[in-house]
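Where a number appears in this text, it was derived from the coordinates with a stated rule and is not lab data. This one's a predicted model, so the numbers in the text were calculated from it and none came from an experiment. Methodologically, a virtual Cβ is constructed for each residue, glycine included, from the backbone with ideal geometry; neighbour enumeration extends over all protein chains shown.
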Amino acid sequence: MLKINNLHASIEEKSILKGLNLEVKAGEVHAIMGPNGAGKSTMANVIAGKEEYEVTDGVIELNGEDISELAPEERAHNGVFLSFQYPVEIPGVSVTNFIKTAINETRKAKGLEDMPAKDMLKMIREKSELLEIDRKFLSRSLNEGFSGGEKKRNEIFQMAMLEPKLAILDETDSGLDIDALRIVANGVNKLKSKDNAVVVITHYQRLLDYIVPDFVHVLHDGKIVKTGDASLALELEAKGYDWIKKELV
Amino acid sequence: MSKYTEDDLELELKTKEYEYGFYTDIESETFAKGLNEDVVRAISKKKNEPEWMTEWRLEAFRVWEKMTEPDWANVKYPKPNFQEIAYYSAPKKKPKLNSLDEVDPDLLETFKKLGISIDEQKKLANVAVDIVMDSVSVATTFKKTLGEKGIIFMPISEAIQEHPELVKKYLGTVVPTTDNFYAALNSAVFSDGSFCYIPKGVKCPMELSTYFRINEGGTGQFERTLVVADKGSYVSYLEGCTAPQRDENQLHAAVVELIAMDDAEIKYSTVQNWFPGDENGKGGVFNFVTKRGLCETNAKISWTQVETGSAVTWKYPSCILKGNNSVGEFYSIAVTNHYQQADTGTKMIHLGKNTKSTIISKGISAGKSQNSYRGLVQINSRAENARNFSQCDSLLMGNACGAHTFPYIEVKNKSAQIEHEATTSKIGEDQLFYCNQRGIDTEKAIALIVNGFSKEVLNKLPMEFAVEAQKLLEISLEGSVG
């Protein structure tokens with residue numbers, strides 16, 4: 001599914017990713033952990049194609065195709081989804097209108113007709129139930145005045161609607177209380193299939209109690225420095241990151 | 001709004017040139033350039049006007065001659081040479097039409113390009129259309145249906161002939177000939193426009209609609225519109241403008257007067273899309289408009305405008321809230337791109353008790369344009385318990401444009417309640433990236449964000465107009481980012 005090889009990226013001449021390697025296969029869940037400033041969010045943004053970042057070396061392959069030169073919307077059309085750490089507000093644009101536009105733009109890129117309104121409504125109903133979203137919420141302006149939990153749930157709702165191949169969840173757990181965390185995690189678990197993959201970026205082990213990863217990677221100073229199974233996350237929770245840094249020396 | 005699909009939008013966006021920049025070759029009769037009393041008399045004569053009308057025009061001309069062009073607005077442009085303008089241009093073939101078959105085929109073709117299918121509108125939109133093409137109306141539909149209700153809706157030149165008592169009674173009562181430089185000019189030389197009268201207690205059963213166009217190179221167009229809603233009546237009036245592409249500047253100085261008598265309501269909606277000049281600021285229409293409405297007791301006037309065109313816009317649709325409990329509303333979207341300049345807003349003059357006004361202004365600036373809101377809220381000493389709410393929001397794109405707000409508030413009665421809110425925001429890279437990440441390209445993302453920003457005003461427009469307005473917003477901002 002996703003194959004990242006020797007990825008180097010910088011922002012404003014400052015080098016952040018320094019030779020990152022990662023392979024994610026369909027049906028897998030990967031967790032990326034690491035201390036502040038390790039480059040976790042940069043990795044997510046670079047995969048999604050944010051233009052502020054300059055890729056100086058390396059390859060990002062999605063299903064065998066190098067996507068590192070594609071515009072962000074083209075990557076999205078190819079099935080990349082990023083759940084934002086800080087979702088932006090778009091006043092006056094309802095959640096429904098936004099997701100409708102996103103779906104139809106993606107369909108258009110694939111040469112498909114707009115999704116019929118009836119199907120759209122049916123899908124909205126199903127997915128909002130899945131994520132325990134009150135449908136009144138869907139007519140509100142995108143992220144405007146949303147609580148932290150609502151913003152994140154809205155991200156996962158969009159993911160459910162867009163059915164991406166590769167979903168990257170950038171600190172989706174931050175700002176969530178325990179109930180919201182459970183709902184969001186349940187949603188992600190229900191959306192998981194053998195055909196898609198999930199990369200979970202998190203500081204804390206807490207989320208991984210609900211979304212159980214097949215692999216846990218430690219990102220440090222722009223590189224993945226350690227990989228293990230779910231138990232690695234528990235170990236990190238108990239011992240912090242310092243022991244890994246020491247191992248590296 | 002569901003009729004308009006993304007595919008339509010994409011087609012629109014592909015059109016790089018000004019969409020309606022075409023020119024119809026209809027034989028027309030144009031006066032020589034220049035303005036003096038003889039020209040004013042000639043216009044009046046051409047239109048077979050009665051003596052009182054000729055005198056009215058001449059009086060306006062004499063006032064205008066002594067006036068100087070105002071320069072207080074936040075716009076810069078080369079002052080027009082008023083002796084270099086031809087003041088009358090009428091399509092030569094002016095038939096009395098009973099059906100569309102009799103309309104000049106070239107003209108019908110033009111309407112097709114504009115997306116105005118009269119037939120379709122008859123069937124689908126339930127809109128009676130009085131089309132002003134280069135100063136003289138050439139087609140009027142639905143007259144019969146309206147006639148049954150006693151509603152008069154016709155070119156003002158015809159109204160002068162057929163209903164002189166009404167025109168004489170109301171013309172110039174809200175915007176006097178002496179009001180300002182452009183209003184005086186318009187009063188002297190206005191070519192045509194629309195007249196509308198709704199009798200007592202009648203709710204006009206359909207939206208009344210006029211499409212204005214400037215068609216003859218070098219001729220200014222000076223429309224005059226007069227809408228009179230008698231006691232307890234209701235009318236919704238739509239005005240839309242498109243103009244062909246031109247190299248030289250075209251002057252447009254219209255006057256619109258609305259009179260809402262006791263318990264009457266007038267909704268006046270405008271989508272304005274005059275040629276804005278090209279991306280280097282060359283050409284474009286100068287739009288100096290005086291629009292004002294008078295509200296008697298319990299009456300209500302709503303102005304809704306979507307301004308996307310013109311090189312220079314100078315326009316302040318206003319309400320005089322004369323009667324007790326009368327209500328004035330102003331909802332506006334003004335878009336400027338490239339080198340466009342807009343100085344637009346409203347005046348709410350509270351004279352009566354318990355009068356209420358609402359102002360919602362949305363300014364969108366892109367390119368190197370300058371967009372100013374200028375508004376006056378005036379509460380006079382006898383206006384007990386007057387209330388006003390004003391909200392002025394500006395949205396900026398890029399770093400080279402400007403948004404300005406000039407709110408004037410004059411309160412002479414202590415019981416007044418005035419609220420003013422203003423915001424300025426910018427379309428952020430983060431917003432665009434967020435949309436991009438969801439598969440929405442930047443052009444479409446801007447359209448989405450702008451429509452969201454403008455929603456409160458778009459919602460005030462009648463359905464068919466809202467669709468058109470939405471398209472216009474998108475076209476106008478095409479290519480404004482990256």
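Structural remarks
- Beta bridges by DSSP in region A:2-248, antiparallel share as percent, to the nearest 5: 60 percent
- Taking the number of Cβ atoms within 10 Å of each Cβ as an exposure proxy, the fewest-first ranking of B:TRP56, B:TRP314, A:TRP243 is A:TRP243, B:TRP56, B:TRP314.
- Among the trypsin sites (Lys or Arg not before Pro) in region B:255-336, none sits in a DSSP loop with a Cβ that has at most 12 other Cβ atoms within 10 Å.
- Efficiency of FRET from Cβ geometry, A:LYS165 and A:GLU12, R₀ 41 Å, rounded to 0.05: 0.85
- Counting all C-alpha pairs of chain A, share separated by more than 31 Å (%): 23 percent
- Among B:SER394, A:SER68, sorting on how many other beta-carbon atoms sit within 10 Å of each Cβ, with the fewest leading, yields A:SER68, B:SER394.
- 16 Å reach of a label modelled at A:GLU65, 7 Å along Cα-to-Cβ, counting backbone N of region A:1-35: A:1-3
- Segment A:LYS190-A:ASP177, extension gain: residue separation times 0.36 nm, minus the distance between their alpha carbons: 2.7 nm
- Cross-link pairs exceeding 27 Å between alpha carbons, from the set B:LYS46/B:LYS79; B:LYS76/B:LYS322; B:LYS300/B:LYS368; B:LYS322/B:LYS471; B:LYS267/B:LYS353: B:LYS46/B:LYS79; B:LYS76/B:LYS322; B:LYS300/B:LYS368; B:LYS322/B:LYS471.
- Virtual paramagnetic centre 7 Å along Cα→Cβ of A:ARG206, amide N under 11 Å, in region A:142-184: A:173-182
- Relative contact order [Cα under 8 Å, 6+ residues apart], region A:2-248, whole percent: 28 percent
- Chain A: angle of helix A:178-191 to the longest principal axis, Cα-based, in degrees nearest 10: 80 degrees
- In plain terms, the residue of B:ASP393, B:ASP430 with the fewest other Cβ atoms within 10 Å comes first and the most crowded comes last, giving B:ASP430, B:ASP393.
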